[in-house]
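Input: a single structure, listed below in structure tokens.
Derivation of every value follows stated rules applied to the coordinates shown; laboratory data play no part. All values reported here derive from a predicted model rather than from experimental measurement. Glycine gets a Cβ as well: all are built from the backbone with ideal geometry, and neighbour counts include every protein chain shown.
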Amino acid sequence: MSADQRLKELGITLPSSTAPAANYANAVRSGNLLFLAGKAPRAEGGKLPKGRLGREFTAEQGYAFARSAALDLIAVMRGELGSLDRVARVVEVQGFLNATPEFEEHAKVLDGCSDLLVEVFEKRGVHARSVFGASSLRGGLPVIIKAVVEIAEK
């Protein structure tokens, strides 16, 4: 089944991708790879979440933030490629968490992104990944996620 059909089946409407936060591109293509810039959770009520996992936010809230950031990554993929069916494989995902030193549920948080990618792309969405705890992220965001995808030939 196509990824675009899977989105419909899952009842997900992709938002427009957010603009880069500074002087860089949302995505850069090199050969058959598309490198996606880091994306944060989508704003709710006009405000981006601000705070640390393990203090202001729980792992469950982090999971939702990671899923939200994944929606933005998918929106960038569609915008760059024209169709999600051009994604041959999600190769790698890296997550950065603004977390307290005591926070230990990094993998659970990043599962929010990974689970959505597998739901949408099925086997093509299974990827390698790394997750890192950080003492701070831009704007006090709790989560930023970047990815690399392989592009299928037309």
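For ARG52, the amide hydrogen comes within under 5 Å of the amide hydrogens of PHE57, counting only partners 5 or more places away or on other chains and with H modelled in the peptide plane.
Based on Cβ point charges of +1 for Lys and Arg and -1 for Asp and Glu, what charge dipole magnitude is obtained for the stretch 3-154 about its Cα centre, in debye rounded to the nearest 20?
380 debye
Stokes-Einstein, applied to the Kirkwood radius of the stretch 27-81 over Cα pairs at a viscosity of 0.890 mPa s and 25 °C, places its translational diffusion at 195 µm² s⁻¹.
Using θ = phi - 60° in the Karplus curve 6.51 cos²θ - 1.76 cosθ + 1.60, the 3J(HN,Hα) couplings for the stretch 94-110 round to 10, x, 10, 10, 7, 9, 5, x, 7, 5, 10, 9, 4, 4, 4, 5, 5 Hz; x is entered for Gly and Pro. By the beta-carbon count within 10 Å of each Cβ, the least crowded to most crowded order of ASP4, ASP111, fewest first, is ASP4, ASP111. With both labels modelled 7 Å from their Cα along Cα-to-Cβ, the ALA152 to ALA88 distance reads 1.1 nm.
Taking amide hydrogens as placed 1.01 Å from N in the peptide plane, the amide H of VAL91 sits under 5 Å from those of VAL148, VAL149, GLU150, each at least 5 positions away in sequence or on another chain. Less than 5 angstrom separates the built amide H of GLY133 from those of LEU97, all sequence-distant by 5 or more or on a different chain. Each Cα pair under 8 Å and six or more residues apart adds its sequence gap; the mean of these over the residue count of the chain is a relative contact order of 35 percent.
With a threshold of 27 Å on the Cα-Cα distance, the over-threshold entries among LYS47/LYS123; LYS123/LYS146; LYS50/LYS123; LYS8/LYS50 are LYS47/LYS123; LYS50/LYS123; LYS8/LYS50.
Think of the chain as a dipole: +1 on every Lys or Arg Cβ, -1 on every Asp or Glu Cβ, centred on the Cα centre; then among THR100, SER83, ALA3, SER83 lies furthest on the positive end.
Provide the percentage of antiparallel DSSP beta bridges, counting only those with both residues in the chain; round to the nearest 5.
That works out to approximately 70 percent antiparallel.
Between ARG124, ARG42, ARG138, the GNM of the chain built on Cα springs shorter than 10 angstrom shows ARG138 fluctuating the most. Straight-line reach from LYS154: taking Cα to Cα under 14 Å and skipping same-chain neighbours fewer than 8 places apart, the aspartates and glutamates in range are GLU80, ASP85.
Between ASN23, ILE74, VAL149, the Cα set farthest toward the positive side of the dipole of the chain (charges on each charged residue's Cβ, about the Cα centre) is that of ASN23.
Over the chain, dividing the summed -39,500 (n - 2.57) contributions of all DSSP H runs of at least 4 residues by the number of residues returns a 222 nm mean residue ellipticity of -10000 deg cm²/dmol. From the mean inverse distance of alpha carbon pairs (Kirkwood) and the Cα radius of gyration, derive Rg over Rh for the chain. Rounded to two decimals, Rg over Rh is 0.96. Per-residue packing, averaged as other Cβ atoms within 10 Å, sorts the ranges 27-35, 71-79 into the order 71-79, 27-35, beginning with the highest. Only Lys, Arg, Asp and Glu carry charge here, each on its Cβ (+1 for the first two, -1 for the last two); on that basis the stretch 1-80 has a dipole of about 160 debye about its Cα centre.
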